[in-house]
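K.L.:
Here it is, the structure in full.
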Amino acid sequence: MRLDAVELRIIALPMATPFVASHGTVSTRTSVIVRIISGASEGWGECAALPEPTYSDEYVDDALLTLRDHLVPLLFTADVPLTSSDLPALFANVQGHPMAKAAIELALLDFEGRASNISLAHLLTPHPPGPATNVPAGVALGLAETPQEIASDAAARVAEGYRRVKMKIAPGRDREFVAAVRDAIGKDVALSVDANGAYSLADMADMAALAELDQFALSFIEQPLAADNLLDHAELARRLSTPICLDESLTSELVTREALDMGACSVVCVKAPRYGSWLQAVQVLDHCAGLGIDAWVGGMLDGGIGRAANLALAAHPGASLAGDLAATSRFFTDDICAPFTLRKTDGTATMSVPAGYGLGITIDNDALHRLTIHTEAIRR
């Protein structure tokens, strides 16, 4: 591919309701959208960075500057036709910024899929048995003010067909809240909790609270401790019967292997934007499948482009557990492509993996212009 131009946009998607976690609240989901242009062809990517640097050190404005001033100019230096597999070497001297890098890779993968008449799901899972055509839907619930509030929310989601519920927790909003949700949804629905690193192994009250969660038959406790503390996670895993899942800690395939080897986790949340690469995320899923380790695909309050990509990744056989893959209406009242909806079979909700070429979605240009708050183009 000979690259002619790259268009960068910031879009603002209105949230159906504010999403609250221990790291902050998101009321409007701004995202950087990347469009690569070559002749009459194009490819689209979405940067997962959140509006503020409260969840990770990458955030929307930072990602835009990194893309515009550093990553995109490198694309025009390639002496040979550019492919998605060229990016690690091309970006080697740019330290960090994995979510910005992953956005460009996604745009190239979308372009390559369209050009070769192959879906992203088949690009990511090229070998037999191939990707799934449908994946189980899962829903993430933000922090609530009262146990009754989150229990009601969870029950409503289960009534919609979700059979996997993940709820945010934080010190002071854990045991009673989890108990209320488990009572509301029953034993047959998979329930997990996500602390976003809000607890400390050195805090006796924190450890007592986490230990009490063992009684609720949770699928796992996600990221209970700080992201950079694998040793404490390994110690916590020895103290609890509930499996530990890591998310923020897993920044590469190598770190994921190390975390598994040292017993810091026994379940893996796979987020391609955190690795800086959708192709590396596939390697992580391959590794987990080879070890018989449960893995699932995590979301980042994704818009339509990111949601399509996550569905394609979740179609990989190594994604053994339902991930954070919910209908568009769960989070947004508007989007730049057609909404993703639930399919309900025997009371269980699934989502279709896009089968069209590349991402398998069509950008709604009217919605794109309506929701864009900033745009600029870099040309050869």
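K.L.:
Run the simple label-point estimate for Ala78 and Lys344 please: 7 Å along Cα→C-beta, distance reported in nm.
P.N.:
Taking the two extended label points, one gets 4.5 nm.
K.L.:
Taking every Cα atom in the range 1-119, find the radius of gyration and the maximum pairwise distance Dmax, and write them in Å.
P.N.:
15.1, 47
K.L.:
Sticking with this structure for a sec: With a 10 Å cut-off between alpha carbons and a GNM built on the chain, which of Arg239, Arg173, Arg164 moves the most?
P.N.:
Its mean-square fluctuation being the largest, the pick is Arg239.
K.L.:
Between 0 and 90 degrees, rounded to the nearest ten: what's the tilt of helix 304-314 against the longest Cα principal axis of the chain?
P.N.:
Once rounded, the angle reads 70 degrees.
K.L.:
Provide the net charge surrounding Ile363, with neighbours chosen by a C-beta distance below 14 Å and charges set as Lys +1, Arg +1, Asp -1, Glu -1.
P.N.:
Summing Lys and Arg as +1 and Asp and Glu as -1 gives -3.
K.L.:
Continuing with this model, one more query. Please tell me the relative contact order of the chain in percent, rounded to the nearest whole number, where contacts are Cα pairs under 8 Å and at least six residues apart.
P.N.:
Details: 840 pairs, mean separation 83.4, N = 380.
22 percent.
K.L.:
Name the most mobile residue of Ile104, Ile37, Ile169, meaning the one with the largest mean-square fluctuation, in a Gaussian network model of the chain with Cα contacts below 10 Å.
P.N.:
Of Ile104, Ile37, Ile169, the Gaussian network model singles out Ile37 as fluctuating most.
K.L.:
At what distance in nm do the modelled label points of Met204 and Leu90 sit from each other, each positioned 7 Å from its Cα along Cα→Cβ?
P.N.:
Using points 7 Å along Cα→Cβ, the separation is 5.7 nm.
K.L.:
Further, regarding this structure: Helix-derived [θ] at 222 nm for the chain: sum -39500 (n - 2.57) over DSSP H runs of at least 4, divide by residue count, nearest 500? Before the final figure, lay out the partial values.
P.N.:
Numbers: 14 runs with 127 residues, N = 380.
One gets -9500 deg cm²/dmol as the mean residue ellipticity at 222 nm.
K.L.:
Which value, in debye to the nearest 20, describes the size of the charge dipole of the chain about its Cα centre when Lys and Arg Cβ atoms bear +1, Asp and Glu Cβ atoms bear -1, and nothing else is charged?
P.N.:
840
K.L.:
So what's the Cα pair-distance distribution over the chain, bin width 10 Å, in %?
P.N.:
The calculated distribution, bin by bin, is 5, 25, 35, 25, 9, 2, 0.
K.L.:
Exposure proxy check: Trp296, Trp278 ranked by fewest other beta carbons within 10 Å?
P.N.:
Ordered from fewest to most neighbouring Cβ atoms within 10 Å, Trp296, Trp278 come out as Trp278, Trp296.
K.L.:
Going by how many other beta carbons lie within 10 Å of each one, how would you line up Thr54, Thr333, fewest first?
P.N.:
Going from least to most buried by this count: Thr333, Thr54.
K.L.:
Ok, one more. Looking at Leu201, Thr375, Thr242, which one has the Cα that reaches farthest to the positive end of the dipole of the chain (charges on Cβ: Lys, Arg +1; Asp, Glu -1)?
P.N.:
Among Leu201, Thr375, Thr242, the one farthest towards the positive end of the dipole of the chain is Thr375.
K.L.:
Where does helix 175-185 land angle-wise versus the long Cα axis of the chain, in degrees 0 to 90, nearest 10?
P.N.:
Value to nearest ten degrees: 80.
K.L.:
I need Ile33, Ile118 ordered by Cβ neighbour count within 10 Å, fewest first.
P.N.:
By the 10 Å Cβ count, ascending: Ile118, Ile33.
K.L.:
OK, next. Once you've got the GNM for the chain with C-alpha springs shorter than 10 Å, pick whichever of Gly161, Gly172, Gly197 has the biggest mean-square fluctuation.
P.N.:
Sorting by GNM fluctuation, first place goes to Gly172.
K.L.:
Can you give the local net charge around Gly138? Use residues other than it whose beta-carbon is closer than 10 angstrom to its beta-carbon, Lys and Arg +1, Asp and Glu -1.
P.N.:
The answer is +3.
K.L.:
Here's another thing I want to ask about it. For a quick check: with amide H placed at 1.01 Å from N, whose amide H comes under 5 Å from Glu222's, ignoring anything fewer than 5 positions away on the same chain?
P.N.:
Result for Glu222 returns Val193, Asp194, Ala195, Cys245.
K.L.:
Counting Lys and Arg as +1 and Asp and Glu as -1, what is the net charge of the other residues whose Cβ lies under 10 Å from the Cβ of Gly161?
P.N.:
Surrounding charge for Gly161 is +2.
K.L.:
If I stretch the segment between His70 and Ala5 completely, what's the gain in nm (0.36 nm per residue apart, minus their alpha carbon distance), one decimal?
P.N.:
21.9 nm
K.L.:
Under the Karplus relation 6.51 cos²θ - 1.76 cosθ + 1.60, θ = phi - 60°, what is the ordered set of whole-Hz ³J(HN,Hα) values for the range 286-303, x standing for Gly and Pro?
P.N.:
Listing the rounded values in order: 4, 5, 4, 4, x, 8, x, 8, 5, 9, 8, 9, x, x, 9, 6, 6, x Hz.
K.L.:
Of all DSSP beta bridges in the chain, what percent run antiparallel (nearest 5)?
P.N.:
65
K.L.:
State the extension gain, in nm to one decimal, for the chain segment bounded by Glu145 and Thr375, taking 0.36 nm per residue of separation less the distance between their alpha-carbons.
P.N.:
Values: separation 230, 0.36 × 230 = 82.80 nm, distance 3.77 nm.
Extending this stretch completely gives an extra 79.0 nm.
K.L.:
Right, something else. Which whole-angstrom value gives the distance between the alpha carbon centres of the range 133-155 and the range 308-324?
P.N.:
Rounded to whole Å, the Cα centres lie 19 Å apart.
K.L.:
Name the long-range amide H neighbours of Ser38: under 5 Å, sequence gap of 5 or more, or other chain; modelled H, no Pro or chain starts.
P.N.:
The list, which skips near neighbours in sequence, is Asp4.
K.L.:
Hey, another quick one. Applying the Karplus parametrisation 6.51 cos²θ - 1.76 cosθ + 1.60 with θ = phi - 60° to the phi angles of the range 114-127, what ³J(HN,Hα) value in whole Hz is obtained for each residue in order, glycine and proline being reported as x?
P.N.:
5, 5, 9, 6, 10, 6, 4, 4, 6, 5, 7, 10, x, 9
K.L.:
Ok, one more. Going Cα to Cα from Lys166, which lysines come in below 26 Å? Please leave out same-chain ones fewer than 8 positions away.
P.N.:
List returned: Lys187, Lys271, Lys344.
K.L.:
I would also like to ask the following. For the range 364-380, take each phi angle, set θ = phi - 60°, evaluate the Karplus expression 6.51 cos²θ - 1.76 cosθ + 1.60, and give the result in whole Hz per residue in order, putting x for glycine and proline.
P.N.:
7, 4, 5, 5, 4, 5, 5, 9, 7, 10, 7, 8, 7, 10, 10, 10, 4
FYI, it's all coordinate maths here, none of it is from the lab. Keep in mind that what you see is a predicted model, and the values were worked out from it rather than measured. Cβ: placed from backbone, ideal geometry, glycine included. Neighbour counts: every protein chain shown.
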